[in-house]
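Report on the following structure.
The values are calculated or read from the model by the stated rules, or taken from the named source; none is laboratory data. These numbers were taken from a predicted model, which means no experiment stands behind them. Neighbour counts run over all protein chains shown; Cβ positions are idealised from the backbone, glycine included. When the accessible area is computed, the model is the full protein with side chains, heavy atoms only, and any ligands, DNA or RNA have been set aside. Shrake-Rupley method; radii C 1.70, N 1.55, O 1.52, S 1.80 Å.
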Amino acid sequence: MQYLAALDYEHLDNGVFLTSLARSISRQKNVRPILLHGDSEYTERVIQTGVMREEATIRSIKGLNHRLIALLADQGVSTIGINGYQREFITLKNDTLSLDKKFFDSLPGQSALLISTLVLDASNGRPTPVPLTKLALFLRSKLNLRDLFIFSASDADEIFTQEEKPDKVKWSKLDEEYQNVFIPKEFTNFGEPVRLTTARDFDQVPDLSKTSLIH
């Protein structure tokens with residue numbers, strides 16, 4: 001099983017969550033994880049040192065890619081990290097994304113893949129960040145991935161056993177409170193199929209019984 005998991009802004013600055021996630025991925029069997037990330041609160045800390053926002057965002061995302069690889073390695077997860085612009089893997093031209101599928105197919109299939117949202121801007125040949133949701137939808141389509149996982153925004157979900165969530169629910173049926181508590185801000189009113197889970201329960205994958213399908 002090959003899947004896509006999106007690591008949102010808030011979770012990327014949560015060391016406890018990230019360690020739990022890496023531990024869960026290390027326990028998964030017969031899967032190939034593809035993890036997608038953008039920037040985090042670290043960008044704001046870089047800006048406070050006097051760096052302009054554009055450069056700070058790029059620096060933050062690159063740094064996160066390296067740190068996440070190290071974190072996964074600490075849990076025994078062999079991971080290939082790549083920023084989308086490297087080797088012209090993912091290119092943005094006239095607001096349209098394209099992907100070098102041959103390069104993707106050349107990557108070792110036994111390793112997890114960690115992709116950042118820094119893609120190549122064809123207009124100037126420089127890296128540029130794209131929204132996490134946009135790149136997640138693009139990769140799921142281009143790589144024919146069935147499952148896109150997102151992680152509960154509720155810290156309590158990682159500590160306590162919460163009341164049972166629905167196995168399946170439509171975006172249109174989610175009330176505002178549920179979205180505010182459980183859905184990461186970047187995915188509010190996303191409207192596309194995702195599987196909501198926690199870092200703690202993620203070790204069950206490819207068993208999807210501890211996930212909620214929102215479609």
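Considering the conditions (1) open to solvent by 10 Å² or more (accessible area, probe 1.4 Å); (2) touching a residue at least 60 places away in the same chain (Cβ under 8 Å); (3) within 23 Å of Lys29 (Cα to Cα), Ala199 is excluded by exactly one of them, (1).
Selection of region 159-198 for residues being within 21 Å of His37 (Cα to Cα), outside any loop (DSSP other than H, G, I, E, B), modelled with pLDDT of 95 or more and in contact with a strand residue (DSSP E or B) (Cβ under 9 Å, 6 or more places away or on another chain) yields Glu186, Phe187, Val194, Arg195, Leu196, Thr197.
Close Cβ contacts (under 7 Å, 6 or more residues apart or on different chains) running from residues in region 43-62 that are closer than 16 Å to Asp13 by Cα to residues that are open to solvent by 100 Å² or more (accessible area, probe 1.4 Å) and in a helix (DSSP H, G or I) comprise Val46/Arg59; Ile47/Arg53.
Checked against (1) without any contact (Cβ under 8 Å) to a residue 60 or more places away in the chain; (2) among the basic types (Lys, Arg); (3) part of a loop (DSSP other than H, G, I, E, B), Arg146 meets all criteria but (1). Taking region 90-117 as the region of interest, how many residues are open to solvent by less than 40 Å² (accessible area, probe 1.4 Å) and either among the small types (Gly, Ala, Ser) or touching a residue at least 24 places away in the same chain (Cβ under 8 Å) (or both)? Of the residues in region 90-117, 14 are open to solvent by less than 40 Å² (accessible area, probe 1.4 Å) and either among the small types (Gly, Ala, Ser) or touching a residue at least 24 places away in the same chain (Cβ under 8 Å) (or both).
Of all residues being among the acidic types (Asp, Glu) and either assigned to a strand (DSSP E or B) or over 17 Å from the mean Cα position of the chain (by Cα) (or both) in region 1-60, which is surrounded by the most Cβ atoms within 10 Å (Cβ to Cβ)? Just the residue, please. Per the criteria, the residue is Glu44.
When residues in region 63-79 are screened for being touching a residue at least 24 places away in the same chain (Cβ under 8 Å) and over 18 Å from Gly38 (Cβ atoms), 5 of them pass. If you go through region 61-98 and keep only what is assigned to a strand (DSSP E or B) and out of contact with any strand residue (DSSP E or B) (no Cβ under 9 Å at 6 or more places or on another chain), you end up with just Thr96.
Hey, can you tell me all the residues within region 118-132 that are touching a helix residue (DSSP H, G or I) at 6+ places or on another chain (Cβ under 6 Å) and free of Cβ contacts under 8 Å to residues at least 60 places away in the same chain? Hit for region 118-132 is Leu120, nothing else.
Applying the criterion of being outside any helix (DSSP H, G or I) and hydroxyl-bearing (Ser, Thr, Tyr) to the residues of region 99-121, the residue that is farthest from Thr57 (Cα to Cα) is Ser111. Taken over region 75-89, the criterion of being open to solvent by 40 Å² or more (accessible area, probe 1.4 Å) and either farther than 15 Å from Leu120 by Cα or charged (D, E, K, R) (or both) is satisfied by Gln75, Gly76, Ser78, Ile80, Arg87, Glu88. His66 falls short on exactly one of the conditions (1) over 17 Å from the mean Cα position of the chain (by Cα); (2) open to solvent by 60 Å² or more (accessible area, probe 1.4 Å), and that condition is (1).
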